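The values are calculated or read from the model by the stated rules, or taken from the named source; none is laboratory data. Model, not experiment: these values are computed from the prediction. We place every Cβ from the backbone using ideal geometry, glycine too, and count neighbours over all the protein chains shown.
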Amino acid sequence: MDFLKQYLKVICYVCTGLVFAFASFYILANLYHYYELRKDYITSYNNEYLSVEIDETLSKVQSNLSSYKPNSYKGNVSNSNMQLITQRLSNCVSAFNNETINNIRNKNKITIIDVYNLRESYENDILNNCVVANLYWLTEIDESFGSTYLLNNRDVTKLYIDSLLTSYTSYLKKDLLNNSSYYYNTSIASSSVKDNTRDGFYEVMDAYNRVAKLVLYVSEWYKMEAGV
């Protein structure tokens, strides 16, 4: 009986040691993983050419919005539709002024976590709240709308919008997400994280820029329709 008790104690000690070793390894692995994810791309959001271009594009959109004067407007589109489009374009501009971008504006370094947040914001704020909610009507207009220009370009516009909606940055999410506690793919946790952060940032911001160009396209028509 004493032998059996001693044998069970040895087994317990061995199991305890294995659990401790595994826990230590897991903690060290996660600390290393955390360190890798904190590698950054040393740049200021406000100094990046794509960020500057997007801001300039949205500034032009806001300028174009001021061209419509309801009391003096004599175009082919009804005043009610022009006012609705005014609101839709304004909503798109507001979508770019989201919390994620505003937070990153104040940083002088961009981490891969920032890139992930930008990608999520692109999907939620830009695609859903701007393209789907406020620009998809461009693909559905008919002769009764009163704009020959938009009608003639409807099919091209639809192709462009569809390209935006087919998960333009979905591959980035696959690279960034995983089943770890940090929700990033362990393949990212390597010496190339800084390069991936830089490249991912440019890819996401290019997606933002493509939508901004669409908003500008509509606002340029809007300005022309307003008679300015």
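Out of TYR49, TYR34, TYR13, I need the residue that is aromatic (Phe, Trp, Tyr) and either within 18 Å of TYR208 (Cβ to Cβ) or at pLDDT 95 or above (or both). Which one?
None of the other options fit; the residue is TYR49.
Could you check the stretch 199-221 and list, in sequence order, the residues that are over 20 Å from ARG105 (Cβ atoms) and not hydrophobic (A, V, I, L, M, F, W, C)?
Within the stretch 199-221, ASP199, ARG210, LYS213, TYR217, SER219, GLU220 meet the criteria.
Looking at the stretch 39-108, what helices (runs of 4 or more DSSP H) fall wholly within it and have at least 1 residues that are in contact with a strand residue (DSSP E or B) (Cβ under 9 Å, 6 or more places away or on another chain)?
By residue number, 99-105.
Please verify whether ASP114 is in contact (Cβ under 8 Å) with a residue 40 or more places away in the chain and over 18 Å from THR57 (Cβ atoms), treating the condition exactly as stated.
The answer is yes for ASP114.
Could you list, in sequence order, all residues of the stretch 101-152 that are among the polar types (S, T, N, Q) and over 29 Å from SER80 (Cβ atoms)?
Those that are among the polar types (S, T, N, Q) and over 29 Å from SER80 (Cβ atoms): ASN102, ASN103, ASN106, ASN108, THR111, ASN117, SER121, ASN124.
Restricted to the stretch 191-210, and to residues that are in contact with a strand residue (DSSP E or B) (Cβ under 9 Å, 6 or more places away or on another chain) and of a type in the set (Lys, Arg), which residue is modelled with the lowest pLDDT?
So the residue we want is LYS194.
With ASN134, ASN129, ASN152, ASN124 as the choices, which residue is free of Cβ contacts under 8 Å to residues at least 40 places away in the same chain and surrounded by 15 or more Cβ atoms within 10 Å (Cβ to Cβ)?
ASN129
What are the residues in the stretch 127-154 that are among the polar types (S, T, N, Q) and more than 22 Å from VAL93 (Cα to Cα), if any?
Result: SER144, SER147, THR148, ASN152, ASN153.
Within the stretch 73-106, track down each residue that is aliphatic (A, V, I, L, M), farther than 24 Å from ASN47 by Cβ and buried (at least 17 other Cβ atoms within 10 Å of the Cβ).
VAL77, MET82, ILE85, LEU89 - these are the residues of the stretch 73-106 that are aliphatic (A, V, I, L, M), farther than 24 Å from ASN47 by Cβ and buried (at least 17 other Cβ atoms within 10 Å of the Cβ).
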